[in-house]
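For reference, the structure is listed below as structure tokens.
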Amino acid sequence: MSKSLALLEMRGVSKHYLLGESRIDALKGVSGAIMPGEFVAVWGPSGSGKSTFCNLIGLLDTPSSGSVSFKGQDVAGLSDEQRSELRNSSIGFVFQSFNLVPVLSALENVMLPLQIDGTPAREARAAATARLNEVGLGGHLAHRPAKLSGGQQQRVAIARALVGAPALVVADEPTANLDSDNALRVIALMRAISKSEGTAFVFSTHDERLLERVDRRITLCDGVVTDDHAASGVIALRGQSC
Ligand SMILES: Nc1ncnc2c1ncn2[C@@H]1O[C@H](COP(=O)(O)OP(=O)(O)OP(=O)(O)O)[C@@H](O)[C@H]1O
Ligand SMILES: [Mg+2]
């Protein structure tokens, strides 16, 4: 795997949190690369470090030791402002709890990241409308989140994550608040977009049923990657007992 081709690379990444007197080692020496256009699941039980992993690859947090490079650039060398610029221009986020603004319509929610970046309203509206069409919600532009189902709200959130044409979308347990049909639908949608546009997606889950849909599965167990390979073929889960 050539490092110059990697979208994101982690080398010996560890992350600990201090809670009073005690230290929690959430990630311990994780290395690996995310390639452009990859569709990757990070799987592991509660407390295994999935959210910590997502926060680090999303450049929302920095490692305690080790390095994270994005598009060949070591993130540690960036100021907070440069890091957020890189994040805003290159990474989209989808959250477990959708995180839509309740008083805004679906269209306004998707326009928001562009407007914050100073994109003119007309252009933002056109891009957001196209994204909502793409996720099958072209008929729900004016709906506020409360008028949408959970699956629809998460599709709005996916449209919002994609509206700035990021190279990477990070989704921390995007299906945790969805029933299983909607969960599968959301993963299928993310996969279709990843394949058609070459956007890398990394999503965390503890739901084994979603792993059949991915190109690659990274298994986390107590902060360590215990398994990392293409998920086609036999899925030999050993994380269950970790
Ligand atoms: N901000 C924090 N302060 C202290 N400890 C934390 C913090 N965030 C996470 N941890 C701890 O780090 C470890 C890994 O947590 P993390 O949230 O990454 O796991 P997870 O796999 O996402 O779990 P879940 O499936 O429950 O969301 C856990 O022991 C957790 O309690
Ligand atoms: Mg988590």
ask   = Which percent, to the nearest 5, of DSSP beta bridges fully inside the chain are antiparallel?
value = 55
remark   = Whole-Å distance linking the alpha carbon centroid of the stretch 1-58 with that of the stretch 140-157 is 30
inquiry  = On alpha carbon coordinates alone, what is the Rg over Rh value for the stretch 1-127, Rh being the Kirkwood radius?
reply    = 1.02
message = Check which residues have an amide H placed less than 5 Å from CYS221's amide H, if you skip close sequence neighbours.
response = THR226
task = Please report, in Å, the Rg and the Dmax of the stretch 3-238, where both are computed over Cα atoms only.
result = 17.6, 53
message = Can you pull out the GluC sites (Glu not before Pro) in the stretch 1-101 whose DSSP state is coil and whose Cβ has at most 12 other Cβ atoms within 10 Å?
response = GLU21
task = Filter the GluC sites (Glu not before Pro) in the stretch 94-141 down to the DSSP loop ones having no more than 13 other Cβ atoms within 10 Å, then list what survives.
result = none
query = Which number gives the lysine pairs in the chain that have C-alpha atoms under 17 Å apart and are eight or more places apart or on different chains?
reply = 4
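Only the coordinates and a few stated rules stand behind these numbers; no lab work does. None of the values given here were measured: they were computed from a predicted structure. Backbone-built Cβ (ideal geometry, glycine too); neighbour counts: all protein chains shown.
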